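J.: Sharing a structure, written as structure tokens. Questions coming.
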Amino acid sequence: MPELLAVEDLSLGFRTDAGLARVLDGVNLAIQPGQIMGLVGESGCGKTTLARTVLGILPRHAALIERGRIRFERSDLLSADDTTLNDQVRGKAITFIPQDPFTSFNPVFPIGTQMMEIMRWKSPRRAQDGGHNTRARRAADRDAVLAMLDAVQLPQPRQVLAKYPHEVSGGQRQRLMIAMALLPEPRLVIADEPTTALDVTIQAQILKLLRRLATERGVAVLLTTHDLGTAYEICDAITVMYAGQEVEAAPTDAFFRHPAHPYTARLLASLPRADGKVLGIPGEVPNLLAPPAGCRFHPRCERAEPACSRSRPPVTLPGQGHAVRCYHPQA
Amino acid sequence: MRRLEMVLSRLAWFFPTMAGLIVIVFLISNVIPTDPVRIVAGENATPEQVAALRVKLGYDKPIAIQLLNHFRDVLSGNLGVSIYTQRPISEDLAKRLPATLELSITALSLAILLGIPLGVVSALRRNAWIDQVLRVISVSGLAIAAFWLAMELQFLFSMKLRVAPLNGRIDGFGPEPYTGFYVLDSLIGRDWESLGSALSHLALPALTLALPAAATILRFARAGVLEVINSNHVLYQRAMGIPPRLIVWKYVLRNALISTVTQIGLIFGVLLTNAVVIETVFDWPGLGSFAVQSILQSDHKAIIGFTIWTGGLIVVVNLLVDLLHSVIDPRGAR
Amino acid sequence: MTGSWRRTAARFLGDRAALMGASLILLLVLAAVFAPLLSPFPADVAEFHTANRLRPPDGVNWLGTDRMGSDLLSRILFGARITISIALIAVGSAVLLGVPVGLVAGYYGGWPSDLLMRVSDIFLAVPQIVLAIAIAQTLGPSIENVILALSITYWPFWARLVYAETRSIKNEVFVESAIALGASSLRVMAMHILPNIASAIIVRTSIGMGATILTAAALGFLGLGAPPPAPEWGRMIAESREFLPEAWWYATAPGIAIFMVVMGFNLLGDGLRDILDPRIRRAVGRHA
């Protein structure tokens, strides 16, 4: 089966006053149609940058893409021109759920205005009438919005549309964000830590809702998170990143049963255990202005050997759909 | 309901502010060691005449009584009679108010129409050449003495190029007075000749006043845009493929406007300050030239009257700005 | 502390606007101090040569002559002395009056300070120039009276600013801990609050100098400044009015002089604002 999205050997840096920060270093990532993929890593590992690169919304002057490809369906997103991407990809084939639903609404416009703005440009009915925002289409779009608000279980959808963002709760705002992400009928939703800003009690509800709606509609999701528990609950497969490199990718089952990369093992061990102990990972996240050569985890890895600092390990396949980049993976 | 509460508290604050204004102006004019009676009586008056006039004008009473009388007069709209024009001061001020309002509202509109789009462009092209050029222009606009700019504009456009009248408010008798605003009046009366004349007379003084105001607005608009351009809601709309032009000119602009509106009161104050001097240069028959005349004639009561009116005008403008702000910013109270 | 000062100095030298502003101000100070040496005709400040009146700029009178035949360049150089002394003394006394008032009101709070701030609000509601004109007129035209008028009308700006700044840092940890350690109110205000709001005061003072020079020039223009033959820039522009359009240089020279000086203070203020960013300032305060 051809992948829906394939990131291949992507390297990218940010220009800073102190030099080029090498944020992504030869990253690979593949998502199948309808698959829910968790992109897991500590904060600063490059997962948000990767999500924004796919969307093409990195700061134009600061970001420098050194090499790599991002294939989406049949086209290469990195070489497509921005107008085409805006018209056909962003908000349409690929939509976005932001990290912070509190600040991702414009505070001075009613929610309905902001939702209808998205429908005006991204409605699936847009193609039918030659792009014109006719009265009939607006009515159909509005019905679709109300139906979707119902689907994300928002009480009193009509009243919510007339409200301003600060008048609804954080959980409701994130439900609205999910609704806006699904309304254009995309093939892929990129959700960047969608529950980090929410109360712990609401997080699970929102994640389950996202999973259910995506599965029902056959939409693939790229979910970035620093929380393995979140990934375990809703993802079909997991890719782990460390300091701008992907280190391991596997179906969720295999991932938790047979972690192969030393970093993944460490990450799993650092989850709070039944006895309440948390095992930290010794060492520090590397400085991206002068990152270690080869496998970037080697300075913190107990199994590191000279080869690890010379070149990055190639992909090995310990199981079905399971890929790891380590010279000496755990059996 | 928080919004209504805020509006009411602002309205309630209007009266103590005006009362305080009246007291302070009165005290300043009484603390200053000159004798208004002697000035009114003239240089040739005998001591007896001065004493009689003092009783007649009420200056013989204790200062607290004078203040009370003053309050009573101001509240009943009676500001006394101008020494110079021999007319009631409130009448003079009322006749001249439309001229000053027409000038300052035109200048303010001009400044907003120039300042906001340029401020947005400046922010979007941050540190590019156009931003640098606009920065130099806006810093310069705030450094030019308004009366000097007025003279140089007169020199260039009225004396050399002869495309604008040198001074005054209109040629001929002016349009039928409905509102006292010549532009409006000539539109109402379909008096096209007066309209052309009024507009051409308005051009240079309005431009002079607009330049520093536009510079200030440009800076606030630029700062306002920069504050939101990197915000999460703009990032979200970009990620959702909303056309960039629309994001800037509909969504970002609204946020920038809100931060600019809060400054309009301040800008209007500076505008009125400049108008005082500018009206003299352009012979504009408004409050400012009235004030300068009264001051040069030592027309004590006229100065007090003018100060109360301008102070009141600024307080009212600030009140309007607060109301406008509470309307366009749904987040309510600051 | 030394390190942070060195950083500030380095950023200052890296900021073109601030550097240019400082250079313009330095130019003004040099012109004022060395006016007798720099002027081609220092005696022209008080002497008339009516035979030479209204000469356009040439090799002898670089900026031309005025209606009395005096050399404009010389008069402008001497005029810098008036400008700088008005700005320094007027802003200086407004700061000396406004800062303690704002500091005390902001520190103690309560109804007396509310009242004080309302009074300054009312002062701010009247255009500064109107009050200043009224005061200067009744006292009679002189430099001293212009300075007095400007200081009386300008102190509320500083009272307001310092009040707001004091209120906003009064509850910071370092102030509260100083109070908890038993420091006297005077000591807390002078040693803990004032240093932390100093940069805000410095920035406003720089911009306030520019505004004051403009107001003083306007007073001079209306005939309320130093009496003739003092070479006051605003008055020179007023004198030139009746000779437009022929004597174009007459108004141009003092106008540009005012422009450059005000520009200098504005650029310096802008630059200082960027350099002494409030967030950095707060951080320094916590470590002190």
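J.: Take every residue in peptide A:242-249, count the Cβ atoms of other chains within 10 Å of its Cβ, and give the average of those counts. The partial results should precede the final answer.
T.: Working: counts 0, 0, 0, 0, 0, 0, 0, 0.
Whole-number average of other-chain Cβ neighbours for A:242-249 is 0.
J.: Step through the residues of the stretch A:221-233 one at a time and calculate ³J(HN,Hα) from phi using the Karplus curve (6.51 cos²θ - 1.76 cosθ + 1.60, θ = phi - 60°), rounding each to whole Hz and writing x for Gly and Pro.
T.: With coefficients 6.51, -1.76 and 1.60, one gets 10, 9, 10, 8, 7, 9, 10, 4, x, 4, 4, 4, 5 Hz.
J.: Which Rg and Dmax, in Å, describe the Cα atoms of the stretch B:53-146?
T.: When restricted to the Cα atoms of the stretch B:53-146, Rg and Dmax are 23.8, 69 Å.
J.: On to the next question. Of C:Leu37, B:Ser82, A:Gln174, which is farthest towards the positive pole of the protein assembly as shown's charge dipole, taken about the Cα centre with +1 and -1 on the beta-carbons of Lys, Arg and Asp, Glu respectively?
T.: Of the listed residues, the answer is A:Gln174.
J.: Say R0 is 45 Å: what FRET efficiency, to the nearest 0.05, do B:Leu246 and A:Ala307 get from their beta-carbon distance? If you can, show how the numbers build up before the last one.
T.: On the way: r = 53 Å, r/R0 = 1.18.
The value I calculate is 0.25.
J.: Determine the alpha carbon to alpha carbon distance for each of B:Lys95/B:Lys160; A:Lys47/A:Lys163; A:Lys163/B:Lys250; A:Lys122/A:Lys163; A:Lys47/B:Lys250; A:Lys47/A:Lys92 and list only those over 27 Å. List each step's numbers first, then the result.
T.: Values: B:Lys95/B:Lys160 33 Å; A:Lys47/A:Lys163 33 Å; A:Lys163/B:Lys250 19 Å; A:Lys122/A:Lys163 22 Å; A:Lys47/B:Lys250 31 Å; A:Lys47/A:Lys92 22 Å.
B:Lys95/B:Lys160; A:Lys47/A:Lys163; A:Lys47/B:Lys250, as the Cα separations exceed 27 Å there.
J.: Of all DSSP beta bridges located in chain A, what percent are antiparallel, nearest 5? Intermediate results must be reported in sequence, preceding the final value.
T.: Numbers: 29 of 48 bridges.
Expressed as a percentage, antiparallel bridges in chain A total about 60.
J.: How large is the convex hull of the C-alpha atoms of the stretch B:95-332 per residue, in Å³? Could you put the intermediate results ahead of the total?
T.: On the way: hull volume 36.7 nm³, N = 238.
Value for the stretch B:95-332: 154 Å³ per residue.
J.: Give a quick list of trypsin sites (Lys or Arg not before Pro) in the stretch B:178-239 that DSSP marks as loop, anything other than H, G, I, E or B, with at most 13 other Cβ atoms within 10 Å. Show your work: numbers first, answer last.
T.: On the way: sites: B:Arg190, B:Arg219, B:Arg222, B:Arg238; in loops: B:Arg190.
Sparse-neighbourhood loop trypsin sites (Lys or Arg not before Pro): B:Arg190.
J.: How many partner chain Cβ atoms sit within 10 Å of a residue's Cβ in peptide B:248-256, on average, as a whole number?
T.: Details: counts 0, 0, 4, 6, 1, 0, 4, 4, 0.
Partner Cβ neighbours, averaged per residue: 2.
J.: Out of every Cα-Cα pair in the stretch B:202-334, what percent are more than 17 Å apart? If you can, show how the numbers build up before the last one.
T.: Working: 5978 of 8778 pairs.
Of all Cα-Cα pairs in the stretch B:202-334, 68 percent lie more than 17 Å apart.
J.: Quickly estimate the mean residue ellipticity at 222 nm for chain C, helices only: each DSSP H run with n ≥ 4 gives -39500 (n - 2.57), and the total goes over all residues, rounded to 500. Intermediate results must be reported in sequence, preceding the final value.
T.: Values: 12 runs with 209 residues, N = 288.
Per the formula, -24500 deg cm²/dmol.
J.: Restricted to Cα positions, what overall size does the protein assembly as shown have along the principal axes? Three whole-Å values, descending.
T.: Here the Cα extents, ordered largest to smallest, are 116, 66, 64 Å.
J.: What FRET efficiency do you get for A:Arg60 and A:Ser169 if R0 is 30 Å and r is their Cβ-Cβ distance, rounded to the nearest 0.05? Before the final figure, lay out each step's value.
T.: Working: r = 35 Å, r/R0 = 1.17.
E(calc), rounded to 0.05, equals 0.30.
J.: Please arrange A:Cys308, A:Cys301 by counting, for each residue, the other beta carbons lying within 10 Å of its beta carbon, fewest first. Kindly include the intermediate steps, with their values, before the conclusion.
T.: Numbers: A:Cys308 22, A:Cys301 19.
With the fewest neighbours first, A:Cys308, A:Cys301 line up as A:Cys301, A:Cys308.
J.: Partner chain Cβ atoms within 10 Å, averaged over the residues of A:85-96 - can you pull that number for me?
T.: Mean inter-chain Cβ contacts per residue within 10 Å come to 3.
J.: Next question. If you take the beta carbon distance between A:Asp227 and C:Asp58 as r and set R0 to 60 Å, what does 1/(1 + (r/R0)^6) give as a FRET efficiency, to the nearest 0.05?
T.: Values: r = 81 Å, r/R0 = 1.35.
So, using R0 = 60 Å, E works out to roughly 0.15.
J.: Still on this structure: Applying the Karplus parametrisation 6.51 cos²θ - 1.76 cosθ + 1.60 with θ = phi - 60° to the phi angles of the stretch C:103-115, what ³J(HN,Hα) value in whole Hz is obtained for each residue in order, glycine and proline being reported as x?
T.: The phi angles translate into 5, 5, 4, x, 6, 8, x, x, 5, x, 6, 4, 4 Hz.
J.: Could you tell me the center-to-center distance, by alpha carbons, between the stretch A:20-70 and the stretch B:78-102 in angstrom?
T.: 71
J.: In whole angstrom, and with the biggest value first, how far do the Cα coordinates of chain A range along each principal axis?
T.: 68, 49, 43
J.: For A:Ile238, list long-range residues whose amide hydrogen, built 1.01 Å from N in the peptide plane, is under 5 Å from its own amide hydrogen.
T.: Amide H neighbours of A:Ile238, under 5 Å, 5+ apart: A:Gly38, A:Ala250, A:Thr252.
J.: Please work out the ratio of the alpha-carbon Rg of the stretch A:185-316 to 2.2 N^0.38 Å and round it to two decimals. Don't skip to the end; give the middle numbers.
T.: Details: Rg = 16.7 Å, N = 132, 2.2 N^0.38 = 14.1 Å.
So the Cα radius of gyration is 1.19 times the expected 2.2 N^0.38 Å.
J.: Explain nothing, just the number: relative contact order of the stretch B:240-306, from Cα pairs under 8 Å at least 6 residues apart, as a whole percent. Provide the component values of the computation, followed by the final result.
T.: Details: 27 pairs, mean separation 11.1, N = 67.
Result for the stretch B:240-306 is 17 percent.
J.: May I ask what percent, to the nearest 5, of DSSP beta bridges between residues of the protein assembly as shown are antiparallel? Let's see the in-between values first.
T.: Working: 31 of 50 bridges.
Taking every DSSP beta bridge within the protein assembly as shown, about 60 percent pair in antiparallel fashion.
J.: In percent, what relative contact order does chain B have, based on Cα pairs under 8 Å that are 6 or more apart in sequence? It would help to have the intermediate numbers written out before the result.
T.: On the way: 371 pairs, mean separation 89.4, N = 334.
Computed value for chain B: 27 percent relative contact order.
J.: Also: For chain C, place one equal point scatterer on every Cα, skip the solvent, and apply the Debye formula. What is log10 of I(q)/I(0) at q = 0.12, 0.13 Å⁻¹?
T.: Calculated log10 I(q)/I(0) at the listed q: -0.84, -0.93.
J.: Also, I was wondering about something else. Subtract the Cα-Cα distance of A:Thr201 and A:Ala293 from 0.36 nm times their separation in residues, and report this length gain in nm to one decimal.
T.: Details: separation 92, 0.36 × 92 = 33.12 nm, distance 4.18 nm.
Gain on extension, A:Thr201 to A:Ala293, equals 28.9 nm.
J.: Kirkwood hydrodynamic radius of the stretch A:292-331 from all distinct Cα pairs, in Å?
T.: Averaging 1/r across every pair of different Cα atoms and inverting gives 10.6 Å.
J.: Using 7 Å Cα-to-Cβ label points, what is the A:Ser270/B:Leu166 separation (nm, one decimal)?
T.: 8.2
J.: Looking at the square roots a ≥ b ≥ c of the eigenvalues of the Cα gyration tensor of the stretch A:80-159, which shape do they give, rounded for a/c under 1.5, prolate if a/b is larger than b/c, or oblate? Spell out each step's value before the answer.
T.: On the way: a/c = 1.90, a/b = 1.17, b/c = 1.62.
Judged from the Cα gyration tensor, the stretch A:80-159 comes out oblate (a/c at least 1.5, b/c at or above a/b).
J.: Sort C:Glu165, B:Glu48, A:Glu42, B:Glu5 so the one with the fewest other Cβ atoms within 10 Å of its own Cβ comes first. Could you put the intermediate results ahead of the total?
T.: Details: C:Glu165 23, B:Glu48 8, A:Glu42 15, B:Glu5 11.
So the residues, fewest neighbours to most, are B:Glu48, B:Glu5, A:Glu42, C:Glu165.
Every number in this text was worked out from the coordinates using simple rules, so none of it is lab data. As the structure is a computational prediction, the values presented were derived from the model and not from experiment. Counting neighbours? That spans all protein chains shown, and the Cβs are built from the backbone with ideal geometry, glycine included.
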